[in-house]
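The values are calculated or read from the model by the stated rules, or taken from the named source; none is laboratory data. This is a predicted model, so every value here is computed, not measured. Positions of Cβ are backbone-derived with ideal geometry, glycine not excepted, and every protein chain shown enters the neighbour counts.
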Amino acid sequence: MIKTILATVDAQMPQKQIIEQAGQILKQGGLVAFPTETVYGLGANGLDADACKKIYQAKGRPSDNPLILHIAKKQSLYEIVKQVPQKAEKLIDAFWPGPLTMIFQKKDCVPYEITGGFDTVAVRFPAHAVAQNVIEAAGVPIAAPSANVSGKPSPTRASHVLFDLNGKIDMILDGGSTQVGLESTIIDVSEQIPVLLRPGAVTKEMIEEVIGKIEIDPAILSQSDENCLPKAPGMKYTHYAPKANVILVQGQDLAAVQKRIKELVKEDLRLGKEVGILATDQTKSAYGDGIVLSLGNRENPQEMGANLFKHLRKFDFLGIEVVYSETVAETGEGMAIMNRLKKAAGYQIIQVV
Ligand code: TXA
Ligand code: MG
C-alpha cells in the first residue's frame, strides 16, 4: 500500500502548487490520476518504461494492451511520431485539443513497453485545463489509460478512481465530473484509408466531413471472433462491465420494448433477484418495479454518454444483479453509446419485434 494523495483542483483554473506537485511525482516515475474531458486518466511518464510498468500493475492491465500518449501542444507530436499524414493534419486542425486519439508510426524514443510491442503509437491532445497543465508540468508526454481497475467501467469522477485505485497510486487530482463521460474516439491514420477503432464523441460523421470516407473496424458494431480481432487490442477485453448481468432490449417500437422490459423485470423479481433498469427521461416513468436510472434525454446523446459509466457503477454499488437497458440508434454519438452498452452486456441483446 502507498499513501494516495487526494487533492481537489479547480477544473478551469488549476492551482499552480497542486499542479507542480503532480508534475514532480510524474518526473520521479510516479502515478497521478487526473481528469480529462472524456474520463479520468492514470498518468505516468510516457517515455519511461519502468514508470509505465507501474500503470499496468496498478490497473491489473494485460501488458499487450497499449497506452495512449497525451501531449499538451501540437508540436510535441513530431517528437514522438515518424510522420503525420495529411489527413491526420486535417483532423488535428479540426478536433485538437479534444476527444480524438490518432495512431501513428512511432519514433524510437517511444518504448515498446507502452505500445504493446507495436511499431505504432496512439496520441491524444486532451481539452482539459488540468490535464494540459499536468502534462506541461511533467515536461514529457504522459501515458494515460482510463484510471479504473482493468475491466471496470471507466471513471468519470475522482470518487470512482479512489474506489478502484486507492493505495495503489501516488496522487488523484479531483477536478469534478468529466464532461464527455466516454473514452476518446480512436482512429488509425497510419493506413491509406483511416480506420475507426473506437467510437467516441468525435463521431464518424464529423470525421468524414473533414477527410472523406473512412473504414470502421467491424469489431465496433458486433462481437468479434478469433478470425476478426479488434485492431485496438483493448477493445477485445470485456470492458465497461459492471458486476451485474447487463441485457439490452432492442426494437423499433419503444412502447413494445418497455412492455418487454417490464415483463422481464417482473419475472426476475419473482425469482428474488435485485433488478435495475437503464431508461431514458422519455421512458423512465413507465417502469414501476426495480431500480430505474435514466441516462437522460433521448434527443441528447451527449447527456446520455456522460451518464452511462456513472450509472453502471451505481448499479454495482446498489448490489443490482440484473440490468435491463434500452438502446439507442447507432448514429452520431449513439455509435459510441451502443458500443459501450454492448460490451457491458457481453453482446446479450433481446430483440423485440
Ligand atoms: O479518452 C481516453 O482516450 C482516455 C483518457 C484518459 O484520455 N484514455 C483511454 O485509454 O481510454 P485506455 O488505455 O483505457 O484505452 C486505450 C485504447 C485501448 O483500447 C488500446 O488497445 C488502444 O487504445 N490503443 C493504444 N495504442 C494503440 C495502438 N498502437 N494501436 C491500436 N490500438 C491502440
Ligand atoms: Mg480503459
Legend entry - Index of the failed condition, Glu136 passing every other in (1) near ligand 1 (Cβ under 9 Å from one of its atoms); (2) touching a residue at least 60 places away in the same chain (Cβ under 8 Å): (1)
Legend entry - Given (1) under 23 Å from Val161 (Cα atoms); (2) part of a loop (DSSP other than H, G, I, E, B); (3) of a type outside the set (Lys, Arg), index of the condition Glu330 fails: (1)
Legend entry - Unmet requirement for Gln192, which otherwise passes all of (1) out of contact with any Cys (no Cβ under 9 Å at 6 or more places or on another chain); (2) within 16 Å of ligand 2 (Cβ to nearest atom): (2)
Legend entry - Criterion violated by Glu89 - all others in (1) more than 16 Å from ligand 2 (Cβ to nearest atom); (2) part of a loop (DSSP other than H, G, I, E, B) satisfied: (2)
Inset, instruction - For Gln57, indicate whether it is on the phi < 0 side of the Ramachandran plot and away from ligand 1 (no atom under 15 Å from the Cβ). - result: no
Inset, instruction - State yes or no: is Gly276 out of contact with any strand residue (DSSP E or B) (no Cβ under 8 Å at 6 or more places or on another chain) and buried (at least 23 other Cβ atoms within 10 Å of the Cβ)? - result: no
Inset, instruction - Might you let me know whether the range 2-23 holds any residue that is under 14 Å from Ala143 (Cα atoms) and surrounded by fewer than 19 Cβ atoms within 10 Å (Cβ to Cβ)? - result: no
Legend entry - Whichever residue in the range 23-64 is at pLDDT 95 or above and of a type in the set (Asp, Glu) and, among such residues, is nearest to Val189 (Cα to Cα): Glu37
Inset, instruction - Among residues belonging to the range 65-111 that are within 10 Å of ligand 1 (Cβ to nearest atom) and among the polar types (S, T, N, Q), point out the one that is modelled with the lowest pLDDT. - result: Asn65
Inset, instruction - Scan the range 187-208 and report the pairs whose first residue is free of Cβ contacts under 8 Å to residues at least 60 places away in the same chain and whose second residue is part of a loop (DSSP other than H, G, I, E, B) and among the β-branched types (Val, Ile, Thr), with Cβ atoms within less than 8 Å and a gap of 6+ or a chain change. - result: Ile193/Ile214; Val195/Ile214; Leu196/Ile214; Glu208/Ile214
Inset, instruction - Mind listing whichever residues of the range 139-149 are more than 9 Å from ligand 1 (Cβ to nearest atom) and either under 19 Å from Ile103 (Cβ atoms) or within 12 Å of the chain's Cα centre (by Cα) (or both)? - result: Pro141, Ile142
Inset, instruction - Give the range 150-165 a look and list any residue that's closer than 19 Å to Ile18 by Cα and away from ligand 1 (no atom under 12 Å from the Cβ), or say none. - result: Arg157, Ala158, Ser159, Leu162
Inset, instruction - State all residues of the range 181-193 that are assigned to a loop (DSSP other than H, G, I, E, B), near ligand 1 (Cβ under 8 Å from one of its atoms) and more than 14 Å from Ile92 (Cβ to Cβ); if no residue qualifies, say none. - result: Leu182, Glu183
Inset, instruction - Working only within the range 308-327, note down all residues that are over 16 Å from Ile247 (Cβ atoms) and either crowded, with 20+ Cβ neighbours inside 10 Å or of a type in the set (D, E, K, R) (or both). - result: Phe309, Lys310, Arg313, Lys314
Legend entry - Those residues of the range 116-133 which are near ligand 1 (Cβ under 8 Å from one of its atoms), assigned to a loop (DSSP other than H, G, I, E, B) and closer than 23 Å to Val202 by Cα, in sequence order: Pro126
Legend entry - Residues (hydrophobic (A, V, I, L, M, F, W, C) and more than 27 Å from Lys54 (Cα to Cα)) located in the range 181-207: Val189, Ile193, Val195, Leu196, Ala201, Val202, Met206, Ile207
Inset, instruction - Quick one: in the range 122-158, of everything that is among the charged types (D, E, K, R) and closer than 21 Å to Val81 by Cα, which residue is nearest to ligand 2 (Cβ to nearest atom)? - result: Arg124
